[in-house]
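Just below is one structure, and these are the notes that go with it.
The values are calculated or read from the model by the stated rules, or taken from the named source; none is laboratory data. On a predicted model such as this, the values are computed, not experimentally measured, just so you know. Here the Cβ positions follow ideal geometry from the backbone for every residue, glycine too, while neighbour counts run over all protein chains shown. Just so you know, the surface numbers come from the protein's heavy atoms only, side chains and all, with ligands and any DNA or RNA stripped out. Shrake-Rupley method; radii C 1.70, N 1.55, O 1.52, S 1.80 Å.
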Amino acid sequence: MSNLADRQNISLRLKDLSPQDGARWGLMTVHQMVCHLDDSYKVALGEKNASQATGFLQRTLLKWLALQTPIQWGKGFRTRPEIEQGKGGSVPIDFRQDLASLLSTLSRFCDSLPTPCKPHPIFGEMTAHNWMRWGYLHADHHLRQFGR
């Protein structure tokens, strides 16, 4: 997300979402996924809290595999309850309104990460570069989940 082409790629793919898009895997609806991504970016911005679930392997090996290798993220990896749909995640209300909120949050994420950066709930300490890489890969993962 640190370069304009990646940011535009994700934004355009998000704008192409439709409430009728069906999941290729997982339990979330497309609307729930929009709220989940919005919540996730808000964690990075310090606007939403998520409990830490990190240990040595998550902060080292898993973080390196997720952020530094070309391997696509696996399916079924559990998120933190505060951003999980059906638990503590934001409840979907209106698809277009929630999508607009996500696009606004994404813009703030790309333009104004807090300094110093907030820790990731699973990967631990993150640089701005790490957060930008995560921001792209996380959105890409969920967009692929819905065929986008």
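Every residue, every condition in (1) among the small types (Gly, Ala, Ser); (2) farther than 16 Å from Trp25 by Cβ, yes or no:
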position: Gly86; (1), (2): yes, yes
position: Gly89; (1), (2): yes, yes
position: Arg96; (1), (2): no, yes
position: Ser101; (1), (2): yes, yes
position: Pro121; (1), (2): no, yes
position: Glu125; (1), (2): no, yes
position: Gln145; (1), (2): no, no
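I'm checking my understanding of the structure. Among residues of the stretch 130-148 that are out of contact with any Leu (no Cβ under 9 Å at 6 or more places or on another chain) and not hydroxyl-bearing (Ser, Thr, Tyr), which one is surrounded by the fewest Cβ atoms within 10 Å (Cβ to Cβ)? Reasoning before the result, please.
Quick first cut of the stretch 130-148, residues out of contact with any Leu (no Cβ under 9 Å at 6 or more places or on another chain) only: 136, 140-141, 144-145, 147.
Those still in the list that are not hydroxyl-bearing (Ser, Thr, Tyr) too: 140-141, 144-145, 147.
On the way: Asp140: 17, His141: 17, Arg144: 15, Gln145: 19, Gly147: 11.
Across the stretch 130-148, the extreme among qualifying residues is Gly147.
Of the conditions (1) closer than 26 Å to Leu12 by Cβ; (2) crowded, with 19+ Cβ neighbours inside 10 Å; (3) at pLDDT below 95, Phe77 fails just one. Which one is it?
(2)
Filter the stretch 27-56 down to residues that are surrounded by fewer than 16 Cβ atoms within 10 Å (Cβ to Cβ) and without any contact (Cβ under 8 Å) to a residue 60 or more places away in the chain and give me whichever is farthest from the chain's Cα centre (by Cα).
Phe56
Among the residues of the stretch 68-89, which ones are of a type outside the set (Ser, Thr, Tyr), touching a Gly at 6+ places or on another chain (Cβ under 9 Å) and on the phi < 0 side of the Ramachandran plot?
Lys75, Arg80, Pro81, Glu82, Ile83
Quick one: which residue in Ser90, Ser112 is under 26 Å from Gln20 (Cβ atoms) and either buried (at least 19 other Cβ atoms within 10 Å of the Cβ) or in contact (Cβ under 8 Å) with a residue 24 or more places away in the chain (or both)?
Details: Ser112 fails: under 26 Å from Gln20 (Cβ atoms).
Result: Ser90 is the single residue among Ser90, Ser112 that is under 26 Å from Gln20 (Cβ atoms) and either buried (at least 19 other Cβ atoms within 10 Å of the Cβ) or in contact (Cβ under 8 Å) with a residue 24 or more places away in the chain (or both).
Give the residues of the stretch 62-74 that are of a type outside the set (A, V, I, L, M, F, W, C) and open to solvent by 100 Å² or more (accessible area, probe 1.4 Å), sorted by residue number.
First pass over the stretch 62-74, keeping only residues of a type outside the set (A, V, I, L, M, F, W, C): 63, 68-70, 72, 74.
Across the stretch 62-74, the qualifying residues are Pro70, Gln72.
Of the residues Arg59, Arg24, Arg96, which single one is farther than 16 Å from Asp140 by Cα, surrounded by fewer than 19 Cβ atoms within 10 Å (Cβ to Cβ), at pLDDT 85 or above and of a type outside the set (Ser, Thr, Tyr)? Can you show your working first?
Numbers: Arg59 fails: at pLDDT 85 or above; Arg24 fails: farther than 16 Å from Asp140 by Cα.
The unique qualifying residue is Arg96.
I'm told Arg24 meets every condition in (1) in a helix (DSSP H, G or I); (2) over 23 Å from Ser112 (Cβ atoms) except one. Can you identify the failing condition by its number?
Unmet condition: (1).
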